[in-house]
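J.: Pasting in a structure now, in structure tokens, and then I'll have a few things to ask.
The values are calculated or read from the model by the stated rules, or taken from the named source; none is laboratory data. These numbers come from a predicted model, not from an experiment. Positions of Cβ are backbone-derived with ideal geometry, glycine not excepted, and every protein chain shown enters the neighbour counts. Areas reflect the complete protein model, heavy atoms only, side chains present, ligands, DNA and RNA absent. Shrake-Rupley method; radii C 1.70, N 1.55, O 1.52, S 1.80 Å.
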Amino acid sequence: MLIERRALNAELPAINEMSNLELCELLASLGFPVDGVETKDDQTVLEVDVTANRGDTLSQRGMARDIGAKCNAMLSAIPHRTLREGAPLFPVRLEADACPVYSTAILELGMVASTPADVVCFLSSMGSTAKQMPAVDASNELLHRYGHPTHAFDADTLKGALVVRWGRAGETLRTLDGVERTLTAEDLVIADEAAAIALAGVMGGDSTKVTAGTKRVLLESAWFDPRVVRRMSHRHGLHSDASYRFGRGVDPVMAQVARDLLAARLEDWAGAKLLGAWTAGQVPAARPAITLRKQTLARIAGTVIELTEAAALLRQLGCAVVIHDQYLESVSPSWRQDLTIEEDLAEEVLRLRGFDRIDSVLPPLEGAPLPLASSYLQARNVARRLAHVGFCQTVTLGFISPDVDADFAGADNPPEGRTLGNPLGQEFSVMRPTLLASLKTTAELNLRQGAKEVKLFEVGPIYRSTAEGPSESLALAVVWAGSLGGEDYLTRLRPVQAADLLGIIRDLGVKGAIALQELGEGMLGVEISLSALPEHEDRIIPKFIPFSRFPTVERDLSLLVDLAQPYVDLEVAMAKALRRAAGGCFQSLGCVDVFRHKSLPTGRQAWLMRLRFQGDDRTLTSDEVDGWVNAALEAGQGLGAELRG
Amino acid sequence: MDLTLLPPEIAEAHQRFACSVAASADLDSLMRLKGEFTGREASHASRMMDVLKTAPKEQKRELGAVINALKNEWEEALKNRQIELEAAKKSAASLATSWDPDLPPPLPVHGAIHPLNRLMDRLVDVFRPLGYHVEEGPETETEANNFDGLNIPEDHPARGSADTFYFSAHAGKLLRTHTSPVQVRVLQRIAPDIEKLGGIRFLAPGRVYRKDEIDPTHSPMFHQVEGMLVGHGIGMHHLKGTLSYAMKALFGPAADVRFRPSYFPFVEPGCEVDVRCPLCGGSGCRVCKGSGWVEILGAGLVHPNVLKFAGIDPTVWSGFAFGMGVERTAMMVSQTPDLRLFFENDQRFLKAMGGLD
Ligand SMILES: [Zn+2]
């Protein structure tokens, strides 16, 4: 919302001496932060942020009124000649509750017309250009100065009575912007006997618009239900200065005043002659009083505020206040339609007192704090763990393109149930079935940027189509691409291998089968459900498991096996034999080296198996260990392995 | 070869020898083995020479032959294995010969927690001492949780398809536009037990979606951290005390807060919260546009309708709620010029901006 400093001062002379900086601070403290201060044609113009509930401040006078309430200063009187109303020149029928009051006048325009220079200048401050058509320019000026939208019809284009009624399904109206609009029964329209001629509070119609040739104008100054205007504006995608204000609630009392002001301007600027003025309906009655209890005010404010002080502040806002023993009753002024509950009044009291006067106190702890959920800690811990071993956490958008989706989603997870009806574009239209789709793109980008090694992970929701709608679950995806090592004198450069990634995932505590995926050349990825990770352990220290203090005995067996020998089979067979032979003394078994070389027999490789034993209650003798190693060797030989001599 | 002439431990060592040679995975272990068997001192070979010296004359010849044969076998096997190992590791320069103690040691290469997650984690840590725990909700929400339960009127523009993403096949299912639906979920869950619990206080960090085109300051997906406290007799002073503590914990002891009136449908009174510019300390800089303050939060006292919707009596219970834009704060603190950097995930950016905790 734009505020011209000169126009603001004219409404509230008390702030004449206030600097722009002070004014900005004051506005911010009232809830209207200033986004920018500009000078246009030597006028200072402030761009002020107004929240959706404060339709009453969407004008120079409205803003001045709120500042005046804060400073307890009087507004200037509106320079205004009250028109004498007479009998309607033709009928105006209000057929919908959404328009309780409709003031109008008919004027015959004079021959010469011009918009005064100061108004042209004011309109330019408001970011609008004078059309040099008094009916249009004056209406526009009033909207910005007093916040009440008005409209002028070319009276000679009207056919018969004027009706404010609901639209008829299928009815059409060409609005001033030249768009042909089909109406519904939820559209409030101004109509004549023949057709709809305006979308009430939103935009006038093309067929009745004022042109350079217009001789007689019919003025409209009414009040329309904000909800109805908002819905129409939304339905037709039509947002005008008028709908912006009506949609946020204007002052119904201003309907007649704005009509008078508009008529007076036409008389002054265009030598217009008033033919008649009248009002249909009446201003809605004031809303019922709102009760504000002293106790509620004290609770919200954090301190006792006397009702006399609260009443004085509310009166500065224009409220009519009656004080009782423990509460006050306040009737809001016609322009404050946003005040409906006790808390609203408390806020107004605090606002005028200044939010800076609110104390700073920590609330007492009432119940016992709850622990952090295991699932939250799990996600947080896994991220830290992966970061420590060299992986970077990514944050990528939750939606992907249908093409990419098709590459990744399983047949049991069709995209239809995960597709947005109104995406930003095709490429952002499907909620992803896997994080790997995004990680692949991100890894490729990093490789293109010259990264030799890419190590990424993401923790986030993945989506599944179900009958009830998209269902989401948390997943962890890890991608490792490029080559590793070669950056120091200890490790050689080599391509990333599946075993590298597998080791990372095993290290996280994932048991069972792990499905690695080759996402591209030299790019490996894996996704697991977060629930596959071990649960976060709540115990500070795990349960004690007795351990042996006797020395561990280590034996290596170098075995020649077929190149096609599945490792797991061999390990299982040897471990089984070792458990049978050594019982509890068998500790572990694993392959620590693989040797493939042309010096070995064709089709064979050498696996160096390391065996560990430990006694619970004694030092093992080499004889018994030899026996166990032999048992393991025999088990291996059963699978075609032989001792490498 | 008659090994019975030798002491039993040497005979036993010889039995293991072939296996041990094959098992030597690198030159170092092979050299140790070599020392053990054929070293000049304290090796099996040297011990055999001692045995030979003290052996009865009539055995000396036979024993000498056995010892020689053994030594030859050992040396031969060790030499072959050495050649094999050297061949296998031809390209790997031995550390023993290339090590220069002045060379900097190789450091472990770390990754990073994403800066946005890092900031959210930090906020959780900041609020933990005040008794807040973490609540999470789904990204797919209903209109009831995302709007109705938060006192957002039916004709509010935010509900429109120009602002909110809706699923095409499921009417009323949408991507949450803020973390506030977590308020609705939690309040409804605890409503039956609220007396026993003595109210609630929690933080809800998470991802949210709005239909904004991608540009340097907008993204269709971003993060918020929601905070909520419900108790008895909660007022604006409690909100101020809490946020004041939190901002000092986050930005340092100079970080004062300032409340300005504002409006959000789910709170009343509502406010926007500025924090004294963490970059210039309030003297004015580019980030705070010279004002010394930066806007960081929206907040207020929970609207009675929000409590009522969840089945909590607003005449007994009251509370406050606040919401922080994570990206906005992250950009402000780090002076990152372009929001898109956070979602591009260039490793160089992540490593520079993220951290390990
Ligand atoms: Zn600053």
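J.: Using 0.36 nm per residue of separation minus the Cα-Cα distance, give me the extension gain between A:Glu554 and A:Ser375 in nm, one decimal.
T.: Taking 0.36 nm per residue and subtracting the Cα distance, the gain is 60.5 nm.
J.: Then there's this: Hey, what does the equivalent ellipsoid look like for the range B:195-235, semi-axes from the Cα gyration tensor as sqrt of 5 times each eigenvalue, largest first, whole Å?
T.: The three semi-axes for the range B:195-235 are 34, 10, 7 Å.
J.: Taking only protein heavy atoms and a 1.4 Å probe, what accessible area per residue, in Å², does chain A have with all protein chains in place?
T.: 45 Å²
J.: Report the accessible surface area buried between chains B and A, summing both sides, using a 1.4 Å probe on protein heavy atoms only, in Å² rounded to the nearest 100.
T.: The contact between A and B buries close to 8200 Å².
J.: Using the crude model of +1 on Lys and Arg Cβ and -1 on Asp and Glu Cβ, and no other charge, please compute the dipole size for the range B:115-352 relative to its Cα centre, in debye to 20.
T.: 680 debye
J.: Here's something else I'd like to know. Hey, how many Å between the Cα centroid of the range A:623-644 and the Cα centroid of the range A:480-506?
T.: Cα centres, the range A:623-644 to the range A:480-506: 33 Å.
J.: Further, regarding this structure: Give the accessible area for A:Asp241 in Å² (nearest 10); use a 1.4 Å probe, count only protein heavy atoms, and leave out ligands, DNA and RNA.
T.: A:Asp241 exposes around 80 Å² with every protein chain in place.
J.: Which residue, A:Val629, A:Ile67, A:Ile323, has the largest displacement toward the positive end of the dipole of chain A when charges sit on each Cβ (Lys, Arg +1; Asp, Glu -1)?
T.: Value: A:Val629.
J.: Under 12 Å from the Cα of A:Lys131, which aspartates and glutamates turn up, not counting those fewer than eight places away in the same chain?
T.: Within the straight-line cut-off, A:Lys131 pairs with A:Glu141.
J.: Just round it to a whole percent: the fraction of Cα-Cα distances in the range A:278-397 exceeding 21 Å.
T.: Pairs farther apart than 21 Å: 59 percent.
J.: Now for a separate question. What accessible surface, in Å², does a 1.4 Å probe find on B:Cys285, ignoring ligands, DNA and RNA and rounding to the nearest 10?
T.: B:Cys285 exposes around 40 Å² with every protein chain in place.
J.: Here's something else I'd like to know. Counting only heavy atoms of protein chains, what accessible area per residue, in Å², does the range B:193-275 have with a probe of 1.4 Å?
T.: 29 Å²
J.: Other chains' Cβ within 10 Å of B:338-345 residues: what's the mean?
T.: 4
J.: Take chain B, connect every pair of alpha-carbon atoms lying under 10 Å apart with a spring to form a Gaussian network, then pick out the residue of B:Arg118, B:Arg286, B:Arg159 with the largest mean-square fluctuation.
T.: The residue that fluctuates most here is B:Arg286.
J.: Same structure, new question: Which value, in debye to the nearest 20, gives the size of the charge dipole of the protein assembly as shown about its Cα centre, when Lys and Arg are +1 and Asp and Glu are -1 at the Cβ?
T.: With Lys and Arg at +1 and Asp and Glu at -1, about 960 debye.
J.: Taking the radius of gyration and the Kirkwood hydrodynamic radius from Cα positions alone, what is the Rg/Rh ratio for the range B:154-272, to two decimal places?
T.: A ratio of 1.01.
J.: Sticking with this structure for a sec: Expected output is a single nm value to one decimal: the length gained when fully extending between B:Lys196 and B:Asp102, i.e. 0.36 nm times separation in residues minus the C-alpha distance. What is it?
T.: 27.3 nm
J.: So, one more: Would you please classify the overall shape of the protein assembly as shown from the alpha carbon gyration tensor, given that a ≥ b ≥ c denote the square roots of the eigenvalues, rounded means a/c under 1.5, and beyond that prolate means a/b larger than b/c while oblate covers the rest?
T.: prolate
J.: Let me ask another. By how many degrees, between 0 and 90 and to the nearest 10, does the Cα long axis of helix B:115-127 differ from the longest principal axis of chain B?
T.: 70 degrees
J.: Oh, and also: Just give the residues from the range A:410-444 buried by at least 40 square angstrom of accessible area in the all-chains context relative to the isolated chain, probe 1.4 Å, and say none if nothing qualifies.
T.: Checking the loss per residue gives A:Leu420, A:Asn422, A:Leu424.
J.: Then there's this: Of B:Leu85, A:Leu158, A:Phe32, which is farthest towards the positive pole of the protein assembly as shown's charge dipole, taken about the Cα centre with +1 and -1 on the beta-carbons of Lys, Arg and Asp, Glu respectively?
T.: Positive-most Cα among the choices belongs to B:Leu85.
J.: Quickly rank A:21-32, A:386-397 as a protection proxy: mean count of other C-beta atoms within 10 Å, highest first.
T.: Ranked from most to least packed, the peptides come out as A:386-397, A:21-32.
J.: Using +1 at the C-beta of Lys and Arg and -1 at the C-beta of Asp and Glu, which of B:Phe202, A:Leu262, A:Ala373 has the Cα lying farthest in the positive direction of the dipole of the protein assembly as shown?
T.: Ranked along the dipole, the leading option is A:Ala373.
J.: Now for a separate question. So for the pair A:Ala499, A:Asp41, with labels modelled 7 Å out along Cα→Cβ, what separation do we get in nm?
T.: It is 8.1 nm.
J.: With the convex hull built on the Cα atoms of the range A:92-281, state its orientation-averaged projected area in nm².
T.: 9.4 nm²
J.: Same structure again: So for A:Glu535, A:Glu171, what's the accessible-area order with a 1.4 Å probe, most first?
T.: Ranked list, largest accessible area first: A:Glu535, A:Glu171.
J.: Within the protein assembly as shown, what whole-number % of the accessible surface is contributed by carbon and sulfur, with the 1.4 Å probe and all protein chains included in the calculation?
T.: Using a 1.4 Å probe with all protein chains present, the protein assembly as shown comes out at 52 percent carbon and sulfur.
J.: Tell me, what is the percent relative contact order of chain B, built from C-alpha pairs under 8 Å that lie six or more residues apart?
T.: Contact order relative to length: 16 percent.
J.: Let me understand the range A:507-584 better: what is its radius of gyration from the alpha carbons, and its Dmax, in angstrom?
T.: 18.9, 50
J.: Does the range A:412-468 come out rounded, prolate or oblate, given a ≥ b ≥ c as the square roots of the eigenvalues of its C-alpha gyration tensor, rounded meaning a/c under 1.5 and, failing that, prolate meaning a/b above b/c?
T.: Prolate.
J.: Alpha carbons only, please: Rg and Dmax for the range A:389-505, in angstrom.
T.: 16.5, 57
J.: Would you compute the Debye intensity of the range B:115-352 from its alpha-carbon atoms alone, equal scatterers and no solvent, and pass along log10 I(q)/I(0) at q = 0.08, 0.13, 0.18 Å⁻¹ to two decimals?
T.: So the normalised log intensities are -0.30, -0.82, -1.49.
J.: Could you pull the accessible area for A:Arg81 with a 1.4 Å probe, rounded to 10 Å²?
T.: 110 Å²
J.: Sticking with this structure for a sec: I want to check the label-to-label distance for B:Thr4 and B:Thr54. Put each point 7 Å from Cα in the C-beta direction and report it in nm to one decimal.
T.: Going by the 7 Å Cα→Cβ label model, 2.2 nm.
J.: Determine Rg/Rh for the range A:501-632; Rg is computed over alpha-carbon atoms and Rh is the Kirkwood hydrodynamic estimate from the same atoms.
T.: So for the range A:501-632, dividing Rg by the Kirkwood Rh gives 1.05.
J.: Name the lysines eligible as straight-distance cross-link partners of B:Lys240: C-alpha to C-alpha under 30 Å, and not fewer than 8 places from it in the same chain.
T.: Counting by Cα, and skipping residues close in sequence, B:Lys240 has these lysines nearby: A:Lys70, A:Lys294, B:Lys196, B:Lys248, B:Lys289, B:Lys308.
J.: Run lengths n ≥ 4 of DSSP H only: what is the helix-derived mean residue ellipticity at 222 nm for the protein assembly as shown, with -39500 (n - 2.57) per run over all residues, to the nearest 500?
T.: Result for the protein assembly as shown: -10500 deg cm²/dmol, rounded to the nearest 500.
J.: Just how many % of Cα pairs in the range A:2-71 lie over 20 Å apart, if you round to the nearest whole percent?
T.: When all Cα pairs of the range A:2-71 are counted, 16 percent exceed 20 Å.
J.: Under 10 °C and 1.306 mPa s, how fast does the range A:459-550 diffuse according to Stokes-Einstein, given a Kirkwood radius computed over C-alpha pairs? Answer in µm²/s, whole number.
T.: Roughly 96 µm²/s, to the nearest whole number.
J.: Nothing charged except the Cβ atoms of Lys and Arg (+1) and of Asp and Glu (-1): what's the magnitude of the dipole of the range A:290-357 about its Cα centre? Round to the nearest 20 debye.
T.: For this selection, approximately 120 debye.
J.: So, one more: Going down the table (B:Lys211/B:Lys351; B:Lys53/B:Lys79; A:Lys159/A:Lys215), which pairs top 19 Å between alpha carbons?
T.: From the list (B:Lys211/B:Lys351; B:Lys53/B:Lys79; A:Lys159/A:Lys215), the Cα-Cα distance tops 19 Å for B:Lys211/B:Lys351; B:Lys53/B:Lys79.
J.: Considering only protein heavy atoms, with the full assembly of protein chains and a 1.4 angstrom probe, order B:Ser29, B:Ser168, A:Ser221 by accessible area, largest first.
T.: From most accessible down to least: B:Ser168, B:Ser29, A:Ser221.
J.: Another question, if that's okay. Test of understanding: what is the full-extension gain from A:Arg81 to A:Asp97, defined as 0.36 nm times their sequence separation minus their Cα-Cα distance?
T.: 2.8 nm
J.: Mind ranking A:Asp42, A:Asp156 by accessible surface for me, highest first, 1.4 Å probe?
T.: A:Asp42, A:Asp156
J.: Given axes a ≥ b ≥ c from the Cα gyration tensor, I'd like to know whether the range B:1-46 is rounded (a/c under 1.5), prolate (a/b larger than b/c) or oblate.
T.: oblate
J.: Another question, then. What aspartates and glutamates could a cross-link reach from A:Lys543, if we take a straight Cα to Cα line under 17 Å and drop same-chain neighbours fewer than 8 places away?
T.: Partners found: A:Glu535.
J.: Could you give the radius of gyration (one decimal) and Dmax (whole number) of the Cα atoms in the range B:3-98, in Å?
T.: Here Rg and the maximum Cα pair distance are 15.4, 52 Å.
J.: Averaging over all projection directions, find the projected area of the Cα convex hull of the range A:30-94 and quote it in nm² with one decimal place.
T.: 8.4 nm²
J.: Same structure, new question: Please compute, over every Cα-Cα pair in the range B:273-357, the percentage with a separation greater than 20 angstrom.
T.: 55 percent
J.: Please list log₁₀ I(q)/I(0) at q = 0.16, 0.21 Å⁻¹ for the range A:290-357, using the Debye equation with identical point scatterers on the alpha-carbon positions.
T.: Normalising to I(0) and taking log10 leaves -0.44, -0.77.
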